[in-house]
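Report on one structure; see the data block that follows.
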Amino acid sequence: MANSQAMTSVFKRDVMMARHAFSATLIRAATTLDTFNIALFLASASRGAADTVYSTTGELAGTGNYTQGGIALTNATAPALDTTIAHWTPSASASWAALTSSGSFDAAVIYNDTHATKYEVSVHTFGAQSITAGTFTLTMPTNDGTTGLIRFA
Amino acid sequence: MIEITRDRQAGTVILEMVPEDLLQKKETLRDDAVERTRMVEYCWKTCPGTAHITGLPDSPSHFCDFHVHRSARIDLKVGLCASGAIQSFK
């Protein structure tokens, strides 16, 4: 059997689990998993791949039962491998009740709320919404290597 | 009973519980490869509707923005994937 150059599949999962540190490590307050928040952003905002940390710029105003900073995602399922693809998906929907959005919004940002710097993870867009006195719910995709919310292929 | 806005102007929202039979209901469904979105809106049956729409930038699909209850549920079908190749020594 010949050797084959490869990045191991399990490495991709382990990066999600902070099992490697290629630079000086962050001082972590605990060995437990971090809390990841999801926050809603106006259609007029400019969130994207160049983001580094969460900020309130372009976020829905803290009115109408929305609190800036968003809400914590339920994280009951650890990152896993689907053959060669690492994936992670929140284990429950994100929902805001009795919400009146301060404007039309079309993006949700996920960031690390445990770390003081609030490192940003991802920006997810969807059709623009404007909620009035209602409930806004984001249900999560199937948690596998094809559709999971965060995947490393 | 549905909680709707009785008035909404200049950032002011006044909420009111209203019997459902006094309201008209509109459902909108968008279903594509990445999301399935179901929007449900209620408004007074007596509301003049289109008279309110003009000039309201935050009301993409409704029949009124002064008396309304609007909810949405988005089912995300697929997330984000980061991918790339490792560098060969060859």
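Take B:LYS26, B:LYS45 and sort them by solvent-accessible surface of the protein heavy atoms, 1.4 Å probe, largest at the top.
Final ranking, largest accessible area leading: B:LYS45, B:LYS26.
To the nearest 500 deg cm²/dmol, what mean residue ellipticity at 222 nm is calculated for chain A from DSSP H runs of n ≥ 4 alone, each contributing -39,500 (n - 2.57), summed and divided by the residues? Don't skip to the answer; put the middle values down first.
On the way: 1 runs with 8 residues, N = 153.
Calculated at 222 nm, the ellipticity per residue is -1500 deg cm²/dmol.
Can you compute the FRET efficiency between A:SER55 and A:SER91 using 1/(1 + (r/R0)^6), with r the Cβ-Cβ distance and R0 = 25 Å? Round to the nearest 0.05.
0.40
To the nearest 100 Å², how much accessible surface do chains A and B hide from each other in total, with a 1.4 Å probe? Working shown, then result.
On the way: alone 8900 and 6790 Å², together 13090 Å².
Summed over both sides, the interface buries about 2600 Å².
Filter the trypsin sites (Lys or Arg not before Pro) in segment A:1-61 down to the DSSP loop ones having no more than 13 other Cβ atoms within 10 Å, then list what survives. Could the numbers behind the result be given before it?
Working: sites: A:LYS12, A:ARG13, A:ARG19, A:ARG28, A:ARG47; in loops: A:ARG19, A:ARG28, A:ARG47.
Passing sites in segment A:1-61 are A:ARG19, A:ARG28.
Calculate, for the protein assembly as shown, the solvent-accessible area per residue in square angstrom, rolling a 1.4 angstrom probe over the heavy atoms of the protein chains. Working shown, then result.
Numbers: 13090 Å² over 243 residues.
Result: 54 Å² of accessible area for each residue.
For segment A:56-137, with all protein chains present and a 1.4 Å probe, just round the carbon and sulfur fraction of the accessible area to a whole percent. Spell out each step's value before the answer.
Details: 1540 of 3010 Å².
About 51 percent, which is the carbon plus sulfur part of the accessible surface.
Suppose R0 equals 25 Å; then what is the FRET efficiency for A:ALA78 and A:SER23 from their Cβ-Cβ distance, rounded to the nearest 0.05? Please list the in-between numbers first.
Details: r = 23 Å, r/R0 = 0.94.
Calculated value: 0.60.
Please compute the length gained on full extension between B:LYS26 and B:ILE2, using 0.36 nm multiplied by the number of residues separating them and subtracting their Cα-Cα distance.
Values: separation 24, 0.36 × 24 = 8.64 nm, distance 1.37 nm.
Gain in length upon complete extension: 7.3 nm.
The values are calculated or read from the model by the stated rules, or taken from the named source; none is laboratory data. For clarity, every value in this text was computed on a predicted model and none was experimentally measured. Neighbour counts are summed over all protein chains in view; Cβ atoms, including those assigned to glycine, are modelled from backbone coordinates with ideal geometry. For accessibility, only protein heavy atoms count, side chains too; no ligands or nucleic acids. Shrake-Rupley method; radii C 1.70, N 1.55, O 1.52, S 1.80 Å.
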